[in-house]
Amino acid sequence: MRPPFTSATVRALRPALDRLVAELIRPVVEAGGGEVVEDVSVPLPLAALSLAVGFSGDAQRRIRALTRNAWERMPKDSHPGGFWPAFVELFDQEIRRARERPGDDYLSTLVRADFQGRPITDEELHVMLVAFAIAGHETTMNALSHLMWNLAREPGLHDRLRAQPRLVPRAVEETLRMWPPVDHGSRLTQGDATVGGEVIPAGSRVLLLTGAANHDPRVFEDPCSFRVDRDRPQRHLSFGFGIHFCLGAHLARAELESVLVELLRHSPLRLRGRVTRRYENGRHVGFDRLPVRMVGGSP
Ligand code: HEM
């Protein structure tokens, strides 16, 4: 599952990604503002996944609604039967399309690939594509919203980043540290583990509080402040840690950076009215709406 998301692949996608970002932001600039969850945060991760993986326009349009449906159903009925068939129907179409029209995108290669001397089954393809679709859009969508929200409310940030563009990647990392889009993870201990002097016995269910770790004062000085001059802000755990470290981290970082660079080319954003952050599926933190306007000043 790694090839579409390596740093080299993402670097090669970057010009196309930057064009996509400019196209999404242009109407906001022309109108002097907009509702940037709908205009930018929702469409960009899905379009970026299409660039990286080769999803169709139809899939881009349907993945968001299917994911929302999955989150709404899960707390009431944890059995995947409720939401899985709709994903399978969509991805069967994508697989068929990729088999019929060979291209040089990743999906076209994947549907013809062998794994351990045999073709990859449709069931395996479904699991991989659903993982890309859900893990790759919801998280990045909420990270993008936090990036724009913070840019619109933090005084002087726009001007500082314009004056010192080398701080842009740090602003991205600091956004991910302060507001992790995935609020917590969970694990089952394989053996006894000692954490902070406490023994957690084998077979325990453990919640990993990412937001708390990202605000650990022993690691991050003045942890509750957004600081673009922070030393090594990328030490946060928002992309996880270890063997399950996020596969899409390079792509997500590229999307966030591209949006920030593009926004800095225009007038500063300000929030229009109050906005509220909310949880989806008990662990994804984001915004439903983010109305902004562009104000006079630089440029
Ligand atoms: C800001 C955006 C993102 C955040 C905060 C994020 C966060 C995470 C986290 C915390 C994990 C680890 C889960 C665990 O250890 O249980 C993870 C895994 C994963 N992420 Fe991301 N992710 C983001 C973007 C993406 C993108 C763009 C993709 C592209 C498809 C992606 C694909 C995956 C996959 C496939 C895994 C599973 C890796 C494994 O289990 O080995 N993510 N992500």
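The values are calculated or read from the model by the stated rules, or taken from the named source; none is laboratory data. Please read these numbers as outputs of a predicted model, since none were measured by experiment. Here the Cβ is made from the backbone with ideal geometry for all residues, glycine too, and neighbour counts use every protein chain on show. Side chains are part of the model used for accessible areas, which takes the heavy atoms of the whole protein and leaves out ligands, DNA and RNA. Shrake-Rupley method; radii C 1.70, N 1.55, O 1.52, S 1.80 Å.
Counting Lys +1, Arg +1, Asp -1, Glu -1, what net charge surrounds Leu256 among other residues with beta carbon under 13 Å of its beta carbon? Working shown, then result.
Details: positive: Arg14, Arg170, Arg177, Arg253; negative: Asp18, Glu173, Glu174, Glu255, Glu257, Glu262.
Result for the neighbourhood of Leu256: -2.
Using only DSSP helix segments of four residues or longer, with each worth -39500 (n - 2.57), what per-residue ellipticity at 222 nm results for the chain after dividing by its residue count and rounding to 500? Spell out each step's value before the answer.
Numbers: 10 runs with 146 residues, N = 299.
Taking each H run of at least 4 residues, the total per residue is -16000 deg cm²/dmol.
Can you check what the net charge comes to around Met128, using other residues whose Cβ is under 13 Å from the Cβ of Met128 (Lys, Arg +1; Asp, Glu -1)?
In short, -3.
Under the √(5λ) rule applied to the eigenvalues of the Cα gyration tensor, what semi-axes describe the equivalent ellipsoid of the stretch 1-134? Give them in Å, descending.
Numbers: eigenvalues 150, 97, 28 Å².
Semi-axes (√(5λ), whole Å): 27, 22, 12.
When the accessible area of the chain is split by element with a 1.4 Å probe, what percent falls to carbon and sulfur? Before the final figure, lay out the partial values.
Working: 8230 of 15330 Å².
The nonpolar share, carbon plus sulfur, comes to 54 percent.
Given the options Leu188, Leu46, Leu107, state which has the largest fluctuation in a GNM of the chain using a 10 Å cut-off (strictly under) for Cα springs.
So, out of Leu188, Leu46, Leu107, the one fluctuating most is Leu188.
At 1.4 Å probe size, what's the solvent-accessible area of Phe132? Round to the nearest 10 Å².
10 Å²
So how do Cys246, Cys224 rank on accessible area, 1.4 Å probe, biggest first, that is with the largest at the start?
Working: Cys246 50, Cys224 105 Å².
Sorted descending by solvent-accessible area, the residues read Cys224, Cys246.
Name the trypsin sites (Lys or Arg not before Pro) in the stretch 171-245 that are in a loop by DSSP and that have at most 11 other C-beta atoms within 10 Å, would you?
Numbers: sites: Arg177, Arg187, Arg205, Arg218, Arg227, Arg230, Arg235; in loops: Arg218, Arg227, Arg230.
Answer by residue number: Arg218.
Starting from the Kirkwood radius over alpha-carbon pairs of the chain, derive D by Stokes-Einstein at 4 °C in a medium of 1.567 mPa s and give it in µm² s⁻¹.
Working: Rh = 20.7 Å.
Diffusion coefficient, whole number: 63 µm²/s.
Kindly sort Ile95, Ile243 by accessible area of their heavy atoms, largest first, with the probe set to 1.4 Å.
Details: Ile95 5, Ile243 160 Å².
The residues order as Ile243, Ile95, largest area first.
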